[in-house]
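Scroll down for the structure; my scribbles are underneath it.
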Amino acid sequence: MIKHSESNDTRELRTLRLGTEVAVIGGGLAGVCAAITAARAGCRVVLVQDRPVLGGNASSEVRLWILGATSHMGNNNRWAREGGVIDELLVENLYRNPEGNPLIVDSIILEMVASEPNITLLLNTAVLDLAKSDPDTIGSVRAFCSQNSTAYEISAPVFVDASGDGIVGFLAGAAFRMGAEARAEFGEQLASEEASGDLLGHTIYFYSKDTGRPVKYTPPAFALRDITKIPRWRDIQFGDSGCRLWWLEWGGRLDTIHDSEKIKWELWKVAYGVWDYIKNSGRFPEAETLTLEWVGTIPGKRESRRFEGDYMLTQQDIVEQHRHADAVSYGGWAIDLHPGDGVYSAQPGCQQWHSKGVYQIPYRAMYSRNITNLFLAGRIISASHIAFGSTRVMATCAHGGQAVGLAAATCAKADLKPHDLLAAPRMAELQRNLLRAGQFMPGVALKDEDDLVRAAEITATSELRLSSLEPSGETMALTNSWAMMLPVQAGPMPAVELWLDVSAPTTLRAELRVSSRPENHTPDLTLGTLDLDLAAGSRIKVPLKFDAEIAEACYAFVCLLKNEAVAVHLSEQRVTGVLSVCHSGNKAVAKSATQTPPPGSGIDTFEFWTPKRRPEGKNFALRIEPPLDAFRATNLANGFARPTNQPNAWVADFSHEQPAIRLAWAGNQSIARIELVFDADFDHPMESVIMGHPERVVPFCVRELVILEGVRVPVTAGDIASTRVETPDTERLLREVSANHQSRQVIRLSPPVITDCLEIRLAAPGDNVPAALFEVRCYSSP
């Protein structure tokens, strides 16, 4: 029993003092990815989160889908899903939670953090004060957990502020700004002439469910009664819930930090009023059996403080896709700005302006320019209000968080300050280590001197030379313009032959297009046009021979323009790095199939050519002569682990169900670690909630493989099943992988194997999908 008599003195809170190497404040996706990355780099990490769950806006408290450069597959950023830790999370969520249950998202994020022994996690703990070791350096932060009535003093050599509102940066005196810059400050043509305090507002969502019987709803007294106060009230649809109601936004003309509770109350008023309208207006009789299942208790925040680094990202960086020597991350969401009055504005809920491709984010935007040991992660990085419109989305924030986490670990281990990593050798090392961990930086190849595969002879039992995609019997009418994206080399454009059904005599226009930047996938340059006079008939073979030269390796778009008298034959076969795309607009992220910005805005006009989600989005059936030779085994060591201007993958022949890769060295190597990168379809956004997905594992992902040592000559068709039972004397089974669904597998061998030859035998993931691999790397250290 504990018994205390009265006291005239104040009592002290129980205080725990925690010394660590990296302190991460904020447990949204940026903070989570930073903490996991720093922990995996060998640092002790304290992760402080002021909510009971991790994930921030992605958590079950807010329930926003995780999105980034893929933009719902509604822009031209092909294969643009963010890599590294956030990719690991999204792929795992697809596997466990294709239905998009936000509670499962919570559990996956929590599991990933809890699985890292180097992380000390403090939930329900809010930072409220800090101490400096000198005027420009943070020594420790002070936090309080209301659940255990405990104060924490956390000291570290480096701090990561991923708190969303930038509480650490604010308390430390870091330079920041709120509102929108004037056009003249950075020369951003989208910016207003005058600076203003306008911000993006908050949102609260709700969920409903069908009970199967009539349900009466009586709204609370504070609910909005006059739905016409919402100018877009006619856009309210039966069945809308969760983040499809993103436009129920307010607070952009207030202080989105200190007025946040006021904003929340107004959003509750709106949310309950919208539900009252759905249930009681009489316009939605199908809602009779629906009940309100959940309403957010905290709003999802979009914008508040933005801190100043040594570089501020601007509109020009995004639209013109500027290159930076210190690139450590990238973005690709549109510049997405909302009216200050939010849901009460007569303007559209957002204005989204896309660039023609993804853009680099420099390291200099990820630390404070005046606090020497403070990293910035998430939506508070150094960007103008206009650029923030793109960088603010969660997958982009998470990807940047990984870069910050590794940089923080590097600084903590070597007693460096954030700006010290700008030195060329240190930046090259940071980029290399990020790429090793699955990070992607546009245009930056992995040059890894420690990778033993760089010195190996790489051969395969087969390499796809794409000469055909066989017809399935299914056809698709050209009610829109469609194209096949084919990876071609410099030189004459290969001839392509298609099968068409023609319902009436017509002239079909075919075009050959490429992108003005080979690493982009916006078909804005037309190299050739064919007008094909077609007679009525079925399964007509139509050759497309464009008299055109391809200047450099890139994706060629073989386009068939809209013609409702024509249907193209399709194939069930799918190949890594080959896609069909449609000239159409995705209303979630674009107003139409062609982006047409206002004059003088600094935004490009161009067409959207986007894929359809599986099970749709099938390839054209076709013949190609000469065959496309873009899938060689040597791609495994080219430094790129996703399609860019080429597939960057080894792909086996369709006929080879169990192909093998062979690595041979001139002498024995000590191999302790093998890293493999699979095709988990970087074109798939894998939205975490609401959308729902038809598959748990993407069709391109190799699920089964074995790794063997001691093969002196290439095998022809290694049988994975037989290796489990019996292996020749010249072979030794090192590892078997089954039921893989992730993009990356790291295989550690203890003790290391000493060999001059490794063989990796893979099983094709499906009858119509050949085995593919982006990367294989071997290291002597574990």
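The values are calculated or read from the model by the stated rules, or taken from the named source; none is laboratory data. Everything numeric in this text was worked out from a predicted model, so none of it was measured. Using ideal geometry, Cβ is built from the backbone for each residue, glycine included, and neighbour counts are taken over all protein chains shown. What goes into the accessible areas is simple: the full protein's heavy atoms, side chains included, and nothing from ligands, DNA or RNA. Shrake-Rupley method; radii C 1.70, N 1.55, O 1.52, S 1.80 Å.
Note on the range 563-581: residues that are assigned to a strand (DSSP E or B) and either of a type in the set (S, T, N, Q) or surrounded by fewer than 19 Cβ atoms within 10 Å (Cβ to Cβ) (or both) amount to 5. Residue check: LEU508 meets all listed conditions (1) open to solvent by 10 Å² or more (accessible area, probe 1.4 Å); (2) touching a strand residue (DSSP E or B) at 6+ places or on another chain (Cβ under 8 Å); (3) farther than 27 Å from PHE654 by Cα but one, namely (1).
Scanning the range 511-561 for residues that are open to solvent by 70 Å² or more (accessible area, probe 1.4 Å), touching a strand residue (DSSP E or B) at 6+ places or on another chain (Cβ under 8 Å), of a type in the set (Asp, Glu) and closer than 21 Å to ILE624 by Cβ yields ASP547, GLU549. Scan the range 327-339 for residues that are open to solvent by 10 Å² or more (accessible area, probe 1.4 Å) and over 18 Å from GLY602 (Cβ atoms) and the total you get is 2.
For (1) among the acidic types (Asp, Glu); (2) modelled with pLDDT under 95; (3) under 29 Å from LEU466 (Cβ atoms), each residue gets a yes or a no:
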site	(1), (2), (3)
ASP729	yes, yes, no
SER743	no, no, yes
ILE747	no, no, no
VAL753	no, no, no
LEU758	no, no, yes
LEU762	no, no, yes
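Scanning the range 227-263 for residues that are open to solvent by less than 70 Å² (accessible area, probe 1.4 Å), assigned to a loop (DSSP other than H, G, I, E, B) and farther than 25 Å from LEU67 by Cβ gives PRO231, LEU254, ASP255, ASP259.
Within the range 323-348, being farther than 21 Å from ARG81 by Cβ, part of a loop (DSSP other than H, G, I, E, B) and touching a strand residue (DSSP E or B) at 6+ places or on another chain (Cβ under 7 Å) holds for ARG323, HIS324, ASP326, HIS338.
Restricting the range 608-634 to residues that are in contact with a Pro (Cβ under 7 Å, 6 or more places away or on another chain) and not in a loop (DSSP other than H, G, I, E, B) leaves a set whose member that is surrounded by the most Cβ atoms within 10 Å (Cβ to Cβ) is TRP609.
Matching residues to (1) more than 16 Å from the chain's Cα centre (by Cα); (2) in contact (Cβ under 8 Å) with a residue 24 or more places away in the chain; (3) not in a loop (DSSP other than H, G, I, E, B):
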site	(1), (2), (3)
ARG11	yes, no, no
ALA39	yes, yes, yes
VAL46	yes, yes, yes
ASN57	no, yes, yes
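Cβ-Cβ distances below 9 Å connect the following pairs, each with a first residue in the range 247-264 that is closer than 13 Å to GLY179 by Cβ, a second residue that is among the acidic types (Asp, Glu), and a separation of six or more residues or different chains: GLY252/ASP198; GLY252/GLU303; GLY252/ASP341; ARG253/ASP198; ARG253/ASP341; THR256/ASP165; THR256/GLU303; ILE257/ASP165.
Summed over the range 764-782, residues that are among the hydroxyl-bearing types (Ser, Thr, Tyr) and at pLDDT 95 or above total 2.
Of the residues in the range 188-209, how many are surrounded by fewer than 14 Cβ atoms within 10 Å (Cβ to Cβ) and either in contact (Cβ under 8 Å) with a residue 24 or more places away in the chain or of a type in the set (Gly, Ala, Ser) (or both)?
First, the residues of the range 188-209 that are surrounded by fewer than 14 Cβ atoms within 10 Å (Cβ to Cβ): 193-194, 197, 209.
With the extra rule that they be either in contact (Cβ under 8 Å) with a residue 24 or more places away in the chain or of a type in the set (Gly, Ala, Ser) (or both), the set shrinks to 197, 209.
Residues in the range 188-209 being surrounded by fewer than 14 Cβ atoms within 10 Å (Cβ to Cβ) and either in contact (Cβ under 8 Å) with a residue 24 or more places away in the chain or of a type in the set (Gly, Ala, Ser) (or both): 2 in total.
Number of residues in the range 18-37 that are charged (D, E, K, R) and part of a helix (DSSP H, G or I) equals 0.
When the criteria are applied in full, SER107 fails the requirement of being open to solvent by 60 Å² or more (accessible area, probe 1.4 Å) and without any contact (Cβ under 8 Å) to a residue 24 or more places away in the chain.
Let's see how each residue does on (1) more than 30 Å from SER140 (Cβ to Cβ); (2) assigned to a helix (DSSP H, G or I):
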{"residue": "ASP50", "(1), (2)": "no, no"}
{"residue": "TRP65", "(1), (2)": "yes, no"}
{"residue": "HIS72", "(1), (2)": "yes, yes"}
{"residue": "ASN76", "(1), (2)": "yes, no"}
{"residue": "ARG81", "(1), (2)": "yes, no"}
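Of the residues GLU153, GLU188, GLU194, which is at pLDDT 95 or above and over 30 Å from ASP604 (Cβ atoms)? Spell out how you get there, then give the answer.
Numbers: GLU188 fails: over 30 Å from ASP604 (Cβ atoms); GLU194 fails: over 30 Å from ASP604 (Cβ atoms).
None of the others qualify; the one that does is GLU153.
Quick one: in the range 475-529, which of the residues that are of a type in the set (Asp, Glu) and assigned to a strand (DSSP E or B) is nearest to ALA565 (Cα to Cα)? Of everything passing the filter in the range 475-529, ASP501 is nearest to ALA565 (Cα to Cα).
The single condition from (1) open to solvent by 40 Å² or more (accessible area, probe 1.4 Å); (2) of a type in the set (S, T, N, Q); (3) under 30 Å from ILE204 (Cβ atoms) that SER60 fails is (1).
Among the residues making up the range 162-174, those that are open to solvent by 20 Å² or more (accessible area, probe 1.4 Å) and in contact with a helix residue (DSSP H, G or I) (Cβ under 9 Å, 6 or more places away or on another chain) are SER163, ASP165. Flag set for LEU544, criterion: under 30 Å from PHE682 (Cα atoms) and over 30 Å from the mean Cα position of the chain (by Cα). Would you say GLY600 is on the phi > 0 side of the Ramachandran plot and buried (at least 16 other Cβ atoms within 10 Å of the Cβ)? No. Checking each residue in the range 86-101 for being open to solvent by less than 10 Å² (accessible area, probe 1.4 Å) and part of a helix (DSSP H, G or I) picks out ILE86, ASP87, LEU89, LEU90, VAL91, ASN93, LEU94.
Matching residues to (1) on the phi < 0 side of the Ramachandran plot; (2) small (Gly, Ala, Ser):
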| position | (1), (2) |
| --- | --- |
| GLY197 | yes, yes |
| ARG213 | yes, no |
| GLY242 | no, yes |
| GLU288 | yes, no |
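Filtering the range 282-295 for residues that are in contact with an Asp or Glu (Cβ under 8 Å, 6 or more places away or on another chain) and either closer than 30 Å to ASN77 by Cα or assigned to a helix (DSSP H, G or I) (or both) leaves an empty set. In summary, no helices (runs of 4 or more DSSP H) completely within the range 360-474 bear 3 or more residues that are in contact (Cβ under 8 Å) with a residue 12 or more places away in the chain, open to solvent by less than 30 Å² (accessible area, probe 1.4 Å) and at positive phi.
Residue pairs whose Cβ atoms lie under 8 Å apart, sitting 6 or more positions apart in sequence or on different chains, and linking a residue in the range 306-327 that is at positive phi to a partner that is buried (at least 21 other Cβ atoms within 10 Å of the Cβ) and not in a loop (DSSP other than H, G, I, E, B), are GLN321/TYR359; GLN321/GLN360.
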